[in-house]
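Let me begin by presenting the structure, written as structure tokens, before commenting on it.
The values are calculated or read from the model by the stated rules, or taken from the named source; none is laboratory data. Small disclaimer: the values here were computed from a predicted structure and weren't measured. Every residue, glycine as well, gets a Cβ built from its backbone with ideal geometry; the counts of neighbours run over all protein chains shown.
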Amino acid sequence: MHNLLCANGERLRHYRIFWGMLAGVLAVSALSVWHSSRAAREMARMGIERPLESYFFAMASVMGVVFAAFISLFLSAGLADGTVRNKPIVGHTRASVYLADYLVCLGAYLAFAAAWFLGGLTGLLCIGPFSMSPGEVLVYLLVAAGFTASFAALFVLISLLCDNKALTVILSLALWLGLVLLAGAFYDRLHEPEMSGGVVYQDGAFREVDPQPNPLYLAGLARTVCQCLLEFLPTGQAQLVYGGGEFRRRCGS
């Protein structure tokens, strides 16, 4: 096991794509927050204050793409070269091979997450401090580390089950997209207001209608189950982190 970890770690250290993607995540995160700062200043002029966390976690929902692409390229290279087949021959179990690959890829994922966080800290200069307490920010960072670990487990499994690099990338991205759509469906249903109303066009004029019960609103057990499923999915956790606490305040949970 120790030899597997050392070999994978050494390969990761010399893997140029890893360092390129790491620099890319850092740059994109910093540029994203810097670009958002202009929108924050415009909203401040209109009297709407948006704290740093409204923009700091914006990349949470798309980090899965980075994870899927990297792990597919990194592990598929070993499968294509046949080095993975040699590991059981010299006495390593399948569990140890999977665990070693998982731990090294998890380390790479956490490095990507750290680059994302460090890039977002540029917002302290151009937007301002967090409105959250340090403890709340730490909780969100821990949740981000949690869904990062979940993505690593899923994508490592796909990469070790498929020996075709192109197919591995496609399956990993398809899994991520499917989980995003599923989490988005739960998120949208939980966002439905309890009462619906507004303005309708009737008899040649616009008329205001009284609020009516919204048939799409979830209540009781259905709402509890839907929220538990949203929080269980790694993409659902990413969606909630991206919301920066706004979702929970609106839902009253």
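Select from the stretch 151-172 the residues that are closer than 14 Å to Asp101 by Cα and within 16 Å of the chain's Cα centre (by Cα) and list them in ascending order.
Step one: list which residues in the stretch 151-172 are closer than 14 Å to Asp101 by Cα, which gives 151-161.
Selection gives Phe151, Ala152, Ala153, Leu154, Phe155.
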> Val90 fails exactly one of the following numbered conditions: (1) among the β-branched types (Val, Ile, Thr); (2) surrounded by fewer than 18 Cβ atoms within 10 Å (Cβ to Cβ); (3) modelled with pLDDT of 80 or more. What is the number of that condition?
Replying inline: (3)
>> What's the total number of residues in the stretch 199-218 that are assigned to a strand (DSSP E or B), in contact with an Asp or Glu (Cβ under 8 Å, 6 or more places away or on another chain) and at pLDDT 65 or above?
In response: 1
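So that you can scan it fast, the table gives a plain yes or no per residue for (1) over 30 Å from Ser96 (Cβ atoms); (2) surrounded by 15 or more Cβ atoms within 10 Å (Cβ to Cβ):
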{"position": "Arg11", "(1), (2)": "no, yes"}
{"position": "Arg16", "(1), (2)": "no, no"}
{"position": "Trp19", "(1), (2)": "no, no"}
{"position": "Ala23", "(1), (2)": "yes, no"}
{"position": "His35", "(1), (2)": "yes, no"}
{"position": "Arg41", "(1), (2)": "yes, no"}
{"position": "Pro51", "(1), (2)": "yes, yes"}
{"position": "Ser54", "(1), (2)": "yes, yes"}
{"position": "Met59", "(1), (2)": "yes, yes"}
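Looking at the stretch 143-160 only, could you name the residues that are modelled with pLDDT of 80 or more, within 15 Å of Cys105 (Cβ to Cβ) and out of contact with any Ser or Thr (no Cβ under 7 Å at 6 or more places or on another chain)? Steps first, please.
As a first pass, look at the stretch 143-160 and keep what is modelled with pLDDT of 80 or more: 143-159.
Then keep just the ones that are within 15 Å of Cys105 (Cβ to Cβ); that gives 145, 147-159.
Scanning the stretch 143-160 gives Ala145, Phe147, Thr148, Ala149, Ser150, Phe151, Ala152, Ala153, Leu154, Val156, Leu157.
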> Which condition breaks for Cys228 when tested against (1) modelled with pLDDT of 85 or more; (2) within 16 Å of Val65 (Cβ to Cβ)?
Replying inline: (2)
>> I'd like the full set of residues that are loosely packed, with under 15 Cβ neighbours inside 10 Å, in contact (Cβ under 8 Å) with a residue 24 or more places away in the chain and out of contact with any Pro (no Cβ under 9 Å at 6 or more places or on another chain), limited to the stretch 122-140.
In response: Leu124, Glu136
>> Show me the helices (runs of 4 or more DSSP H) found entirely inside the stretch 1-83 where at least 2 residues are more than 12 Å from Ile127 (Cβ to Cβ) and over 16 Å from the mean Cα position of the chain (by Cα).
In response: 2-13, 16-45, 63-81
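Mind listing whichever residues of the stretch 44-87 are at pLDDT 70 or above and among the hydroxyl-bearing types (Ser, Thr, Tyr)?
Restricting attention to the stretch 44-87, the residues satisfying the condition of being at pLDDT 70 or above are 44-76.
Result: Ser54, Tyr55, Ser61, Ser72, Ser76.
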